[in-house]
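I have placed the structure first, in the form of structure tokens, so that the comments after it can refer back to it.
The values are calculated or read from the model by the stated rules, or taken from the named source; none is laboratory data. Please read all numbers here as calculations on a predicted model, not as lab measurements. Please note: Cβ atoms are built from the backbone with ideal geometry, for glycine as well, and neighbour counts cover all protein chains shown.
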Amino acid sequence: MRTSDYSAASFTAVSDEERFVYLREQLARCAGHSPFYAYLRGVEVRRQEDLASLPFVTAEDIKKSGSRMICVPASRIERIVSLRSSGTSDAPKRLYFTAGDLERTVAFFREGMGWMCDPGDRTAILLPCASPYGVGQLLRAGLERLGAVPLCLGVPASPEEMDAAASAGPDVLVGMPWQVRLLALRHPELRPKTVLLSADYVPEAAYRFFQKAWSCDTLCHYGMTETGYGCAVESPEHRGMYLRRDELIAEVVDPDTGRVLPWGETGELVLTTLRREAMPLIRCRTGDLARLSDGGRIERVYGRLAADRRIYALQEALFPIPWLWDYRSSGGLLANVSEDAPADCADLLRERLDGSGYHGVGITVERVPASRAAPLYTDKRI
């Protein structure tokens, strides 16, 4: 049976004292085994607040010096992930993980999914599943331990793959917001009890959309490769996302000055690993805009700090439209709409664009039958 005592989960119930012990051990491991973190030698952190005196780790640091952050012998590295920024030829970031690092992510997935899954529930994973140590397979392992039935379907890219996901009859769906949204529009007959959205910006409008479309609960997960894929997950009580307190310390800082901001204020999310074996990250700037609650939960992630805020305003404006299959940038806005979309649908889209701050943008509308509606995976930047 699903738990209702979310604060008692092993990843949430760890005390501040235990976390401080983990922090000191992590810093000592870095100082003793990583050339990059040589600056930590002789540094004393007497309180968790002292963490703010340490320098940040940036994406550029990881690109240039990631291998110098490693704290274990090469024989213990189980997984290396290379991340290249889209649209650039820059050197990729490389993240390193031991089997123990990956195992703790599986344990987090098992416990977090227990908040929304019962044993026997068919759980569709609409995320990349090909890599043996990628997010899809780690989630599969966690679900199997829970006693649920994982369906590793991958990211649907065609109408046929959309239909295959629907025919699986999932009780729970895990996927990216716009892809799951299209599945709901194409297959309103489905009745999942929960949708877990992850791996992309989650519009506030998604909660109302899925409640109306499928009469189901909608939850959010935030994670990134730097956190071993898992970072924080929302519970059915909808009080923000519970952080992996046994693995991470979260701060929110002023993006310009680096000053730590009080709980409740919005700024850049900064994460410090507590038990990472292969490649600890001390005060890693995520590049994401977020707000923390006074209980240490992540109340909301507002997208990428460097992104045009209009991107997210437009997603909020377009997500609820029932006749819009999907949209993408194409020298303007290309919108795939249903065959029964209003005759003035281009004008209606124009109103949403103007309301989101996009003025004078060209709009191309293509009417597409439901049988051919497919996700548009290109960037939502207009």
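Please tell me if residue 365 is touching a residue at least 24 places away in the same chain (Cβ under 8 Å) and under 22 Å from residue 229 (Cα atoms). No: the conditions fail for residue 365. Just one of the listed residues (46, 24) is free of Cβ contacts under 8 Å to residues at least 24 places away in the same chain, under 28 Å from the mean Cα position of the chain (by Cα) and assigned by TED's automatic domain parsing to the domain that holds residue 258, namely 24.
Output yes when any residue across the stretch 22-33 is in a helix (DSSP H, G or I), charged (D, E, K, R) and surrounded by fewer than 14 Cβ atoms within 10 Å (Cβ to Cβ), and no when none is. Give the steps one after another, and end with the answer.
The first filter runs over the stretch 22-33 and keeps only residues in a helix (DSSP H, G or I), leaving 22-33.
Restricting the remaining residues to those that are charged (D, E, K, R) gives 24-25, 29.
Applying the additional criterion that residues be surrounded by fewer than 14 Cβ atoms within 10 Å (Cβ to Cβ) yields 25.
Yes, some residue in the stretch 22-33 is in a helix (DSSP H, G or I), charged (D, E, K, R) and surrounded by fewer than 14 Cβ atoms within 10 Å (Cβ to Cβ).
Being buried (at least 17 other Cβ atoms within 10 Å of the Cβ), in contact with a strand residue (DSSP E or B) (Cβ under 9 Å, 6 or more places away or on another chain), over 12 Å from residue 279 (Cβ atoms) and β-branched (Val, Ile, Thr) is the requirement here; does residue 105 meet it? Taking the combined requirement at face value, the residue satisfies it.
Only one of 74, 91 is out of contact with any Ser or Thr (no Cβ under 8 Å at 6 or more places or on another chain) and in the same structural domain as residue 244 (by TED's automatic domain parsing); which? Give the steps one after another, and end with the answer.
Details: 91 fails: in the same structural domain as residue 244 (by TED's automatic domain parsing).
The unique qualifying residue is 74.
Residues that are hydroxyl-bearing (Ser, Thr, Tyr), more than 16 Å from residue 317 (Cα to Cα), assigned to a loop (DSSP other than H, G, I, E, B) and in contact (Cβ under 8 Å) with a residue 60 or more places away in the chain within the stretch 194-221 comprise just one, 198. Being in a loop (DSSP other than H, G, I, E, B) and touching a helix residue (DSSP H, G or I) at 6+ places or on another chain (Cβ under 9 Å) is true of residue 44.
Is at least one residue of the stretch 135-149 assigned to a loop (DSSP other than H, G, I, E, B) and surrounded by fewer than 20 Cβ atoms within 10 Å (Cβ to Cβ)? Before the answer, list the steps.
Of all residues in the stretch 135-149, those assigned to a loop (DSSP other than H, G, I, E, B) come to 147-148.
Subsequent filtering for residues that are surrounded by fewer than 20 Cβ atoms within 10 Å (Cβ to Cβ) retains 147.
Yes; the residues of the stretch 135-149 include at least one that is assigned to a loop (DSSP other than H, G, I, E, B) and surrounded by fewer than 20 Cβ atoms within 10 Å (Cβ to Cβ).
For the subset of the stretch 348-382 comprising residues that are among the small types (Gly, Ala, Ser) and surrounded by 18 or more Cβ atoms within 10 Å (Cβ to Cβ), which member is nearest to residue 311 (Cα to Cα)? Here the answer is 356.
Residue 98 falls short of the stated requirement of being at pLDDT below 95 and not assigned by TED's automatic domain parsing to the domain that holds residue 278.
Could you name every one of the strands (runs of 3 or more DSSP E) located completely within the stretch 233-335 that has at least 3 residues being among the hydroxyl-bearing types (Ser, Thr, Tyr)?
Numbers: elements: 241-243, 248-253, 266-273, 284-292, 298-304, 324-329.
Because the criterion is at least 3 residues that are among the hydroxyl-bearing types (Ser, Thr, Tyr), the strands (runs of 3 or more DSSP E) in the stretch 233-335 that meet it are 266-273.
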